[in-house]
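A short worksheet on the structure shown next.
Nothing in this text is a laboratory measurement; each read-out follows from the coordinates by a stated rule. Computed from a prediction, not measured in an experiment: that's the story for all the values here. No Cβ is skipped: glycine too gets one built from the backbone with ideal geometry, and neighbour counts run over all protein chains shown.
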Amino acid sequence: MRLNTKTQGVRTALSIAFFTAGALVLLAQEKSAIPVAPSKMSKLGTVDQRFVSYNVEMVEVTGGRFWKPYKSAADGQATSKPAASAEANQQVGMSPSLYQYRPPINLASPRLRKLAQQLGPSYVRVSGTWQNSTYFQNDDNPALTEPPKGFKGVLTRTEWKEVVDFAHAVDDDLVTSLAISAGTRDANGVWTSAQAKAFVEYTKSIGGKIAASEFMNEPTFPGPGGAPAGYDAETFARDAKVFETFLRNESPQTIFLGPGGVGEGVSLAPAGVKMNLIGTEDIVKATGPIFDAFSYHFYGAVSRRCMGNMSVDKSLTAEWLDRTNIAEAFYEKLRDKYLPGKPMWLSETAEAACGGDQWAGEFVDTFRYLNQLGILAQKGVKVVMHNTLASSDYGLLNEDTLDPKPDYWAALLWKRTMGDVVLDPGVPRNQSLRVYAHCSKDGKGAVALVALNIDTEHEQVLALPVPSEEFTLTAHELTSTTVMLNGRELRAESDGSIGSLKADELKKGFIRLAPSSVTFLSLPSAHNNSCM
């Protein structure tokens with residue numbers, strides 16, 4: 001069809017207008033784009049090859065009452081101080097309504113093993129508050145119906161062998177802690193190694209190895225953990241030194257982690273609640289430099305079950321994301337003062353203590369989790385152990401279906417892209433964008449980035465001088481339990497396999513980061529000398 005002169009004039013004007021608008025957009029992008037120079041990124045340090053790791057609570061292994069998952073956003077809210085409970089195997093002084101019985105976890109499940117294997121190599125820490133009072137039944141008889149006096153739970157040989165077999169199957173190294181309750185003590189109240197000796201010897205006899213161990217779980221809160229009345233820093237130091245002697249003699253290859261405190265730097269106490277806390281500084285003063293590595297636990301809050309007030313609308317704020325920095329700085333200062341030069345491990349962490357809030361299993365928590373991994377790697381923390389693999393709201397997997405939650409996909413992408421060498425990305429953190437860089441898993445000078453756009457309304461733009469492979473996680477809603485990779489919903493196969501994750505190939509130039517998105521970028525031609 002032939003256009004008349006008037007029509008041609010309109011078309012020409014519109015073309016000029018569209019071209020001009022497009023040029024203005026490109027100019028605006030070029031002006032606001034954040035330059036990234038992967039070849040010039042300097043090395044900050046290294047992390048353990050098992051940096052991204054996880055916990056399986058001992059109460060999951062033995063079966064027992066663990067944090068009850070939420071049925072809805074309003075479910076489980078504690079409105080007053082929980083009453084003391086007569087229930088034997090749960091935290092002291094907590095309402096039984098906050099817990100739910102679970103049979104022992106099936107660590108032989110092919111689906112569970114396949115999903116865990118794809119996060120390997122990792123550490124699996126089998127510990128938690130319940131472990132402080134768990135009796136190891138060192139025989140092949142049926143499980144005791146009641147634990148011996150001074151204990152609250154029973155671990156059988158069969159159950160522990162399933163843990164060892166699981167670790168072997170999924171390329172995990174074992175981390176644990178020991179029972180410290182009244183049943184482990186002599187007439188003077190001093191901890192004895194009889195239970196620990198039986199536990200370690202049996203582990204060796206079935207081909208297991210304990211890579212690292214804390215003495216007890218969270219000595220900063222000894223009361224809820226089942227420690228004897230009046231337990232203080234000096235008592236802990238006395239007991240920990242007995243344990244150290246035992247460990248050096250019976251399992252010298254085991255890394256002695258400690259002290260494993262929690263609740264400092266960022267308080268875990270709900271508003272108006274005073275918590276009886278033993279300071280980590282008092283503990284390490286009393287113990288002296290007995291630990292091989294300085295361990296700590298971190299939660300940015302307590303969940304609604306324990307009267308916490310965290311909410312989804314706060315989950316992408318700098319104040320929330322930076323709590324991990326504050327706690328790390330608190331413990332790093334103590335490490336430098338009392339255990340200088342020792343590596344740091346974050347041996348238990350998740351969105352919130354007491355099982356996590358409902359959104360711990362939703363897309364919004366991916367930003368907290370990956371920001372935590374990124375910043376702690378920069379700060380020299382060697383290992384980060386997420387709580388848990390598959391239990392309660394903060395599990396990486398749904399405990400009923402074993403379907404991966406958003407944090408699982410985040411951990412998997414980290415494992416597949418980010419190597420052990422930590423780089424300075426040269427991109428300052430701000431209110432909207434956080435970028436972290438490592439040498440790529442592929443080596444040969446390649447660099448990997450993870451970019452978090454925490455702005456819910458606006459794009460962020462990076463300018464890259466080399467081509468990249470893009471893996472972008474998004475969701476229809478921040479509260480979604482499913483995520484999309486480059487626009488395609490992520491799902492595990494029925495047997496738990498994942499297969500390859502397809503990247504989008506991008507040319508060098510501008511990389512547009514969508515609002516509320518997580519983007520992993522692999523840069524195979526970065527030519528970074530630190531990554532050769």
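If contacts are Cα pairs under 8 angstrom and at least 6 residues apart, what is the relative contact order of the chain in percent? All intermediate terms of the calculation are to be shown ahead of the outcome.
Working: 1165 pairs, mean separation 90.2, N = 532.
Dividing the mean separation by the residue count of the chain yields 17 percent.
If packing is taken as the mean number of other Cβ atoms within 10 Å per residue, what is the order of 278-290, 113-125, highest first?
113-125, 278-290
Return the tail of the calculated pair distribution for segment 446-506, meaning the percent of Cα-Cα pairs more than 12 Å apart.
Numbers: 1398 of 1830 pairs.
Tail of P(r) above 12 Å: 76 percent of Cα pairs.
Taking the Cα centre of segment 90-219 as the origin, how large is its charge dipole in debye, to the nearest 20, when only Lys and Arg (+1) and Asp and Glu (-1) carry charge on their Cβ atoms?
Details: 13 positive and 13 negative charges, 35 e Å.
Dipole of segment 90-219, to the nearest 20 debye: 160 debye.
Within segment 102-143, find all residues whose amide N lies under 18 Å from a label point positioned 7 Å from the Cα of residue 205 along Cα-to-beta-carbon.
Residues passing the 18 Å test: 135-143.
Would you kindly derive the ³J(HN,Hα) couplings of segment 187-193 from the backbone phi angles with the Karplus curve 6.51 cos²θ - 1.76 cosθ + 1.60 (θ = phi - 60°), listing them in order in whole Hz, with x for Gly and Pro?
Per residue, the Karplus-derived 3J(HN,Hα) values read 4, 8, x, 8, 5, 10, 9 Hz.
In µm²/s, what is D for the chain at 25 °C and 0.890 mPa s, where D = kT/(6 pi eta Rh) by Stokes-Einstein and Rh is the Kirkwood radius from Cα pairs? List each step's numbers first, then the result.
Values: Rh = 24.4 Å.
Approximately 100 µm²/s, per Stokes-Einstein.
Which residue, 38, 202, 279, has the largest displacement toward the positive end of the dipole of the chain when charges sit on each Cβ (Lys, Arg +1; Asp, Glu -1)?
38
Could you work out the percent of alpha carbon pairs in segment 280-334 separated by over 14 Å, rounded to a whole number?
65 percent
Rounded to the nearest 500, what is the chain's calculated 222 nm mean residue ellipticity when only DSSP H runs of at least 4 contribute -39500 (n - 2.57) each, over all residues?
Value at 222 nm, helices only, nearest 500: -8000 deg cm²/dmol.
Find the centroid of the Cα atoms in segment 170-209 and in segment 261-315, then give the distance between the two in whole Å.
Each part's Cα centre sits 25 Å from the other's.
Residue 495 to residue 285: extension gain in nm, 0.36 nm per residue of separation minus the Cα-Cα distance?
That pair, residue 495 and residue 285, stretches by 70.6 nm at full extension.
Return the long-range amide H neighbours of residue 34 (sequence gap of 5 or more, or a different chain), with a cut-off of under 5 Å between placed amide H atoms.
Long-range HN contacts for residue 34: 461, 462, 463.
Hand me the tally of lysine pairs in segment 218-343: alpha carbons under 21 angstrom apart, and the pair either on different chains or 8 or more positions apart.
Numbers: 241/285; 241/337; 241/342; 285/333; 285/337; 285/342; 333/342.
Counting lysine pairs in segment 218-343 gives 7.
Can you give the charge dipole size of the chain about its Cα centre, rounded to the nearest 20 debye, using +1 on the beta carbon of Lys and Arg and -1 on the beta carbon of Asp and Glu?
Numbers: 53 positive and 58 negative charges, 248 e Å.
Rounded to the nearest 20 debye, it is 1200 debye.
Check cross-link reach from residue 161 to the lysines: straight Cα distance under 26 Å, and skip same-chain residues fewer than eight apart.
114, 149, 152, 197, 204, 209
Once every Cα of segment 203-299 carries one equal point scatterer and solvent is ignored, give the base-10 log of I(q)/I(0) from the Debye formula at q = 0.24 Å⁻¹, two decimals.
Debye intensities relative to I(0), on a log10 scale: -1.28.
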